[in-house]
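Have a look at the structure below before the remarks.
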C-alpha cells in the first residue's frame with residue numbers, strides 16, 4: 001500500500017507540472033512573444049479558463065502527500081519553510097497579475113501587471129526545479145528527521161547544503177527551459193498568425209538547450225548521487241524511462257519544424273508532456289523507496305516505510321481518492337473540450 005501511494009503522489013505531482021507547466025511557460029514568454037495588447041489578450045485567453053483549475057493539482061498533490069506520508073510532509077514543509085513562503089508569494093503575485101490586468105484600462109498599470117505575471121511565472125519555474133533538485137540531492141536530516149537549510153551557503157554540494165547550490169540552480173534552469181518550451185508549444189496550439197510563429201520560434205530555439213541541459217542534469221545527478229542508478233541496474237524495465245525522455249525530444253523537434261500545422265503543433269505539445277512525465281518518473285524511480293534522502297547519513301533517509309500513514313487509513317483513503325479522481329478527470333475533460341481550438345478576441349474579458 002505504501003508503494004501504491006508513492007506512485008499516486010508521483011502521478012499527482014506529474015499532473016500538476018504538465019498542466020500548470022504550460023500556464024507557467026506561457027507566462028515566461030508573455031512579454032517576448034506577445035508584442036501587442038491584442039496578442040497579450042490572446043495568451044490570457046489561451047490560459048484564462050484553465051490556469052486556476054490547473055493550480056488546484058498543486059493543492060491536491062500537497063493534500064495527498066499529507067495524507068499518505070505525514071512525516072515527510074511535516075519534515076519537508078518545516079525544512080523548506082523559506083522557499084515555501086517564496087513560492088506562495090509568487091503564486092499570489094501571478095494570480096494578481098492575471099486577474100487585475102483585465103480590470104485596468106490604464107496602459108501603465110496593464111504593463112505593470114504584465115511584468116508581475118511574467119516575472120513571477122519565470123521565478124516559479126526556477127524554484128520548482130530547485131525544489132526537485134533538493135529532493136534528489138538530499139537535505140541535512142537530523143536524528144529526529146527534521147532539518148533546516150539556509151537559502152544558500154557556499155554553492156557547493158556537501159553536508160552543509162543550502163537550498164541553492166550549483167546543482168539545484170542547474171535543476172532550476174532545466175525546469176525554466178523545459179516549461180518555457182512546454183508553454184510555447186501550448187500557445188502555438190491555441191493561436192494563429194504572428195503569435196503562433198513566435199511561440200514556435202521560442203520552442204525551436206529552446207530545444208537544443210533542453211537537450212544539452214537534460215544530458216548535463218543526468219551527468220550531474222550521477223556525480224552527486226551515484227546510487228540513483230541502483231534501481232535501474234536491478235530493474236531493466238527502468239531503461240524505458242530515458243527512452244521515453246529522449247524519444248519525446250526527437251518527436252518534439254520533428255513536429256516543431258513542420259511549420260504551422262495544427263496536428264503537428266498538438267503532437268509537439270503532447271511530446272513535451274511525455275518528456276516532463278518521463279523526467280519526473282525517472283527521478284521517482286531512481287529514488288524509490290526513499291522519498292527524502294539525507295545528505296548527512298543514509299541511515300536517516302525518509303522512506304515510504306518510515307513515513308507512511310497507517311495501513312487502514314491508506315486503504316480507506318484509496319477509495320475516496322479514486323472517486324475524487326473520477327470527478328476531477330471528468331471535469332477537466334469537459335473543460336478542455338469546451339475551450340478547445342484557437343482563441344479569438346471577440347467579446348470582453350478572456
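Computed from the coordinates by the stated procedures, all read-outs in this text should not be read as laboratory data. Computed from a predicted model, the values in this text were never measured in an experiment. Because the Cβ atoms are built from the backbone with ideal geometry, glycine has one as well, and the counts that use them run over all protein chains shown.
Annotations for the structure displayed:
- Those residues of the stretch 286-318 which are touching a residue at least 60 places away in the same chain (Cβ under 8 Å) and touching a strand residue (DSSP E or B) at 6+ places or on another chain (Cβ under 8 Å), in sequence order: 289, 291, 292, 293, 294, 295, 300, 301, 302, 304, 307
- If the condition is being part of a loop (DSSP other than H, G, I, E, B) and either in contact with a strand residue (DSSP E or B) (Cβ under 9 Å, 6 or more places away or on another chain) or surrounded by 18 or more Cβ atoms within 10 Å (Cβ to Cβ) (or both), then the stretch 157-174 contributes 157, 161, 162, 163, 165.
- Count of residues meeting criterion [part of a helix (DSSP H, G or I) and more than 24 Å from the chain's Cα centre (by Cα)] in the stretch 131-150: 0
- Condition met for residue 138 (surrounded by 14 or more Cβ atoms within 10 Å (Cβ to Cβ) and touching a helix residue (DSSP H, G or I) at 6+ places or on another chain (Cβ under 8 Å)): no
- Residue that is over 19 Å from residue 9 (Cβ atoms) and over 23 Å from the mean Cα position of the chain (by Cα), where the choices are 307, 315, 296: 296
- Set side by side, the residues 254, 248 differ, and just one is within 23 Å of residue 187 (Cα to Cα) and either over 21 Å from the mean Cα position of the chain (by Cα) or free of Cβ contacts under 8 Å to residues at least 24 places away in the same chain (or both), which is 254.
- Residues satisfying the stated conditions in the stretch 291-300, i.e. under 28 Å from residue 236 (Cβ atoms) and surrounded by 20 or more Cβ atoms within 10 Å (Cβ to Cβ): 291, 292, 293
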